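Working notes for the structure below.
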Amino acid sequence: MNIYKSFLKKQILHYLCGSGVAVIAGGGLLIGTTLEISEAEYGRLVLNLCFSFVIMVFAELRQFKKHIEPVRLAFAEPEPSLEMLRSAYLRTHRLPMLAVKRIFGPHLFGLSVPSSLAAVWMIHSGLLHLPYMYIGLGLIGAVLIASMHALIEFYLTEAAIPVLVRHFREEALTRHKVDFSLEEHSYVSIGPKFLISCTLIGTFPLFLFSVMTQVRLGSLSGASMRSYWAWAGLVVMLGILFSMIAALLLTRSVQRPIQQLYEAMNEVKDGRLLQLQNHYSDEFSRLVAGFNMMTKGLEVRERQNRQMLDSLFTTLAVALDARDSYTAGHSVRVAEYSVIIGKLSGMRGQELDNLHKSALLHDIGKLGVRDSVLFKEGKLTDEEFDQIKSHPVLGVNILGQIEPQEKIAPYLGGVRSHHERYDGKGYPDGLSGDAIPLFGRIIAVADAYDAMTSDRPYRKGIAHEQALAILEKGRGTQWDPEFAALFLSYFGKICGSRGEGYPEKTG
């Protein structure tokens with residue numbers, strides 16, 4: 001609640017100071033130095049101005065109370081709901097624009113309407129000796145002063161709201177695990193903001209000078225008056241033109257680097273860590289340099305994480321193989337053979353890396369199979385063989401405990417389906433042909449070759465040439481014909497029309 005009270009005091013102080021300067025100092029100074037009337041008439045005008053000022057303050061404070069209500073309620077409630085916090089968060093973002101509406105609503109009309117009516121009555125009653133035209137000029141002056149006041153109030157409010165925005169975001173995160181910064185909220189684009197600000201700053205003195213000069217040259221009439229306003233209008237139009245051109249150029253110079261950074265951040269969000277060309281010569285140069293430093297740091301961290309993850313996968317595979325001296329290095333070799341097949345089939349980059357990791361972990365489910373079954377030297381019973389056949393599903397279940405799930409998902413297909421057969425007679429799902437996941441079809445070839453050429457407790461490994469002959473014989477039935485052919489071509493053991501064009505063995 002202290003945050004809210006501090007914000008409220010600051011807003012009221014800003015408003016009273018701005019209103020006092022704009023209405024009393026600005027309006028009073030202009031009236032006092034422009035109009036040529038008696039001291040008694042000056043006194044009546046000042047009283048009129050003070051009376052209208054009081055009406056304006058009451059009208060605007062009432063409107064301010066309505067605008068700030070969602071914010072007040074969120075602070076008043078000991079345990080605000082998510083919707084209450086969201087409403088306060090969104091309203092806080094709208095407070096600068098609501099401040100502008102207050103200035104042009106109850107502020108302007110609360111001042112100008114009562115003061116104009118009172119001035120008309122005083123002129124009609126003979127208490128004030130001024131032309132009625134001056135009331136119209138006074139209204140124009142009031143609009144000009146209100147415009148500048150609204151501009152100042154907008155930027156003061158914009159500078160004050162970050163503390164509220166941060167509070168509501170932290171409350172939503174702490175109480176409801178929701179991050180408001182990821183949600184859309186209303187904002188004022190830089191383009192209109194700069195355009196309006198520069199135009200007002202550039203033309204306000206010209207407009208005000210033209211109106212006040214008209215009052216000082218009140219004796220002008222007819223052709224002289226038309227000539228004056230033709231000249232004043234030209235000056236004002238040129239001022240507006242130059243102000244708008246300056247605003248557009250300034251907006252472009254600011255929007256360009258912001259848009260570049262925004263697009264680059266979207267690239268980073270999608271995992272592409274790029275470096276921006278830094279061709280700016282102002283504060284944006286430091287911002288771009290900071291962005292490039294950040295992406296370099298992310299690259300280093302991502303490389304370290306990738307190395308750590310690769311080491312972890314290899315360690316898991318080695319730990320699995322260490323259970324049995326006969327299968328030591330099996331998972332690493334299967335991963336190497338799988339990568340060879342993947343490269344020959346045209347895989348590159350992340351897909352090839354995913355294949356490598358999937359192959360490293362293809363037998364992870366054997367951690368759930370009892371040693372007495374896994375290392376049995378004699379013939380397995382049907383029940384024991386069913387336990388062995390369960391290891392692909394057990395592997396998926398084990399990996400399914402790793403978070404986040406979307407990071408481990410690319411490896412699951414190869415782990416589950418590396419014992420499927422191309423003819424549909426494999427396990428655990430009896431898939432066939434291209435219905436078998438891609439990694440499963442590749443790992444199946446690599447796993448079979450290494451299993452055949454490795455010693456087991458119940459048999460010796462067969463010769464390299466014999467294993468390749470079995471792979472050739474099983475193409476299209478047990479193994480995917482394309483991937484088996486690629487593996488055979490690597491060793492130069494396939495020829496004919498199908499073997500033409502395949503890479504030769506590289507080592």
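Could you please report the charge total around residue 154, scoring K, R as +1 and D, E as -1 over all other residues with beta-carbon less than 14 angstrom from its beta-carbon?
Result for the neighbourhood of residue 154: +2.
If packing is taken as the mean number of other Cβ atoms within 10 Å per residue, what is the order of 472-480, 256-264, 440-448, highest first?
Descending mean neighbour count gives 440-448, 472-480, 256-264.
Under a cut-off of 20 Å between alpha-carbon atoms, report the lysines in cross-link reach of residue 473, not counting same-chain residues fewer than 8 places apart.
Straight-distance partners of residue 473: 425, 493.
Taking 60 Å as R0, compute the FRET efficiency from the Cβ-Cβ separation of residue 254 and residue 124 and round it to 0.05.
E(calc), rounded to 0.05, equals 0.70.
For the peptides 111-122, 380-391, what is the packing order when you average, over each peptide's residues, the other Cβ atoms within 10 Å and list the highest mean first?
My ranking of the peptides, most packed first, is 111-122, 380-391.
Rounding to the nearest 10 and keeping the result within 0 to 90°, find how far the Cα-based axis of helix 190-216 lies from the longest principal axis of the chain.
10 degrees
Tell me, rounded to the nearest percent, the portion of alpha carbon pairs in the stretch 238-319 spaced more than 22 Å apart.
Tail fraction, whole percent: 49.
Using the structure shown, select from 296/357; 357/379; 379/460; 9/193 the pairs with a Cα to Cα distance greater than 22 angstrom.
Check vs 22 Å cut-off fails for 296/357; 357/379; 9/193.
For the stretch 68-227, what class follows from the C-alpha gyration tensor (a ≥ b ≥ c being the square roots of its eigenvalues): rounded when a/c is under 1.5, otherwise prolate if a/b is larger than b/c, else oblate?
Judged from the Cα gyration tensor, the stretch 68-227 comes out prolate (a/c at least 1.5, a/b above b/c).
Hey, with R₀ at 56 Å, roughly what FRET efficiency would residue 477 and residue 299 work out to, going by the Cβ-Cβ distance, to 0.05?
0.75
Taking Rh as the Kirkwood radius, which is the inverse of the mean 1/r over Cα pairs, what is the Rg/Rh value for the stretch 35-132?
Taking Rg over the Kirkwood Rh, I get 1.25.
Under Stokes-Einstein, with the Kirkwood radius over Cα pairs standing in for Rh, what whole-number D in µm²/s applies to the stretch 225-274 at 4 °C and 1.567 mPa s?
In µm²/s, the coefficient is 93.
Hey, can you rank 463-470, 202-209 by average C-beta count inside 10 Å, highest first?
202-209, 463-470
Which semi-axis lengths, in whole Å and largest first, follow from the square roots of five times the eigenvalues of the Cα gyration tensor of the stretch 261-418?
In descending order, the three semi-axes are 44, 14, 13 Å.
Relative to the longest principal axis of the C-alpha atoms of the chain, give the angle of the C-alpha long axis of helix 464-473, reported between 0 and 90° and rounded to the nearest 10°.
The answer is roughly 70 degrees.
Output the 0 to 90 degree angle, nearest 10, between the alpha-carbon long axis of helix 2-19 and the longest principal axis computed from the alpha carbons of the chain.
It is inclined by approximately 40 degrees.
Modelled label-to-label distance, residue 371 and residue 322, 7 Å Cα→beta-carbon offset: nm?
Taking the simple label geometry, residue 371 and residue 322 are separated by 1.4 nm.
If you take the beta carbon distance between residue 245 and residue 406 as r and set R0 to 30 Å, what does 1/(1 + (r/R0)^6) give as a FRET efficiency, to the nearest 0.05?
0.05
Given the chain, what whole percent of its Cα pairs are spread farther than 31 Å?
Of all Cα-Cα pairs in the chain, 67 percent lie more than 31 Å apart.
Quick check: residue separation of residue 224 and residue 163 times 0.36 nm, minus the Cα distance between them. What number comes out in nm?
Between residue 224 and residue 163, full extension yields 16.4 nm more.
Do you know the relative contact order of the chain, to the nearest whole percent, from alpha carbon pairs under 8 angstrom that are 6+ apart?
Result for the chain is 9 percent.
Which three numbers, in whole Å and largest first, are the semi-axes of the equivalent ellipsoid of the stretch 427-484 derived from its Cα gyration tensor as √(5λ)?
22, 13, 9
Just grab the label-to-label distance for residue 42 and residue 423, each label 7 Å out from Cα along the Cβ direction, in nm (one decimal).
Inter-label distance under the simple model: 11.3 nm.
So what is the diffusion coefficient of the stretch 368-436 in µm² per second by Stokes-Einstein at 25 °C and 0.890 mPa s, using a Kirkwood Rh over Cα pairs?
My calculation gives 185 µm²/s for D.
Return the distance in nm (one decimal) between the two label points of a simple spin-label model at residue 266 and residue 189, each offset 7 Å from Cα along Cα→Cβ.
That separation, rounded to one decimal, is 1.5 nm.
Each reported figure results from applying straightforward, stated rules to the coordinates on display, with no laboratory input. Keep in mind it's a predicted model, so treat the numbers as computed, not measured. Quick reminder, even Gly has a Cβ in these numbers, built from the backbone with ideal geometry, and neighbours come from all protein chains shown.
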